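Since every read-out is calculated from the coordinates, none of them should be taken as a lab result. Note that the structure is predicted; figures quoted are calculated from it, not measured. Counting neighbours? That spans all protein chains shown, and the Cβs are built from the backbone with ideal geometry, glycine included.
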Amino acid sequence: MSNSESFVFHATSLVLGSFGILICGASGSGKSSLALTLIERAQQTGRVGTLISDDQTTISTEEGKLIASTPSAIAGAVEIRGAGLFEVPYQPQAEINLLVELVSADKAPRYPADEERELAGIMVPVLVLPELAGDCDSLQCARAIEATLFMKRWGSRETA
């Protein structure tokens, strides 16, 4: 039950409903835009949607769980590309339940398999999506994430 050393990861993190999401991808791939779209859609539907940290997220483990927290220097800040940094409500930390990887469109699967990635010694479910600079807009990616978290996969007996 020991806690790991923390490190800063180039990713945006948020809480959606009861799930923590860590969005990673290259600079300009749409991490912030996707996080803002998910937060806005959550608020419109009565779900919780709150930023943890934009662009830089502190990662640690606690009792076998992956924890994302906001570095104090950027707490409550989000970048809107072309407009600058803006203040938004934020949650200081949360457990991460889903890793979203934004990749070039040619590397994103049309039908993603159930995959996991190891981060800080913890296995985390991963959803690989096209970066927003490619064939995916933030609404399309938001729908894929919401379906992964809140809907039953077709042909599956398990519920999300």
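What lysines could a cross-link reach from LYS107, if we take a straight Cα to Cα line under 27 Å and drop same-chain neighbours fewer than 8 places away? Once the sequence-local lysines are set aside, what remains near LYS107 is LYS31, LYS152. If you wrap the tightest convex hull around every Cα atom of the chain and split its volume per residue, you get 116 Å³.
Output the antiparallel fraction of DSSP beta bridges having both residues in the chain, as a percent to the nearest 5. Please report the intermediate quantities before stating the final value.
Numbers: 30 of 41 bridges.
Here the antiparallel bridges make up roughly 75 percent for the chain.
Considering helices alone, the calculated mean residue ellipticity of the chain at 222 nm is -5500 deg cm²/dmol, with DSSP H runs of length four and up weighted by -39500 (n - 2.57) and normalised per residue. Taking region 45-93, which GluC sites (Glu not before Pro) meet the DSSP loop condition and have no more than 10 other C-beta atoms within 10 Å? Here the GluC sites (Glu not before Pro) that fit, given the DSSP loop and packing criteria, are GLU63. For GLU62, nonlocal amide neighbours, meaning residues 5 or more places apart or on other chains whose placed amide H falls under 5 Å from its own, are ILE67.
Is region 59-134 best put as rounded, prolate or oblate by its Cα gyration tensor, with a ≥ b ≥ c the root eigenvalues, rounded for a/c under 1.5, and otherwise prolate when a/b is larger than b/c, oblate when not?
Details: a/c = 3.09, a/b = 1.12, b/c = 2.76.
Oblate, because a/c is 1.5 or more while a/b does not exceed b/c.
Diagonalising the gyration tensor over the Cα atoms of region 29-91 and scaling each eigenvalue by 5 before taking the square root yields semi-axes of 20, 16, 10 Å, largest first.
Between ARG110 and LYS65, the simple spin-label model (points 7 angstrom out along Cα→Cβ) gives 3.9 nm.
What is the gain in length, in nm to one decimal, between ARG117 and VAL88 on full extension, counting 0.36 nm per residue of separation less the C-alpha to C-alpha distance? Present the calculation step by step, with values, prior to reporting the outcome.
Details: separation 29, 0.36 × 29 = 10.44 nm, distance 2.94 nm.
Computed gain between ARG117 and VAL88 is 7.5 nm.
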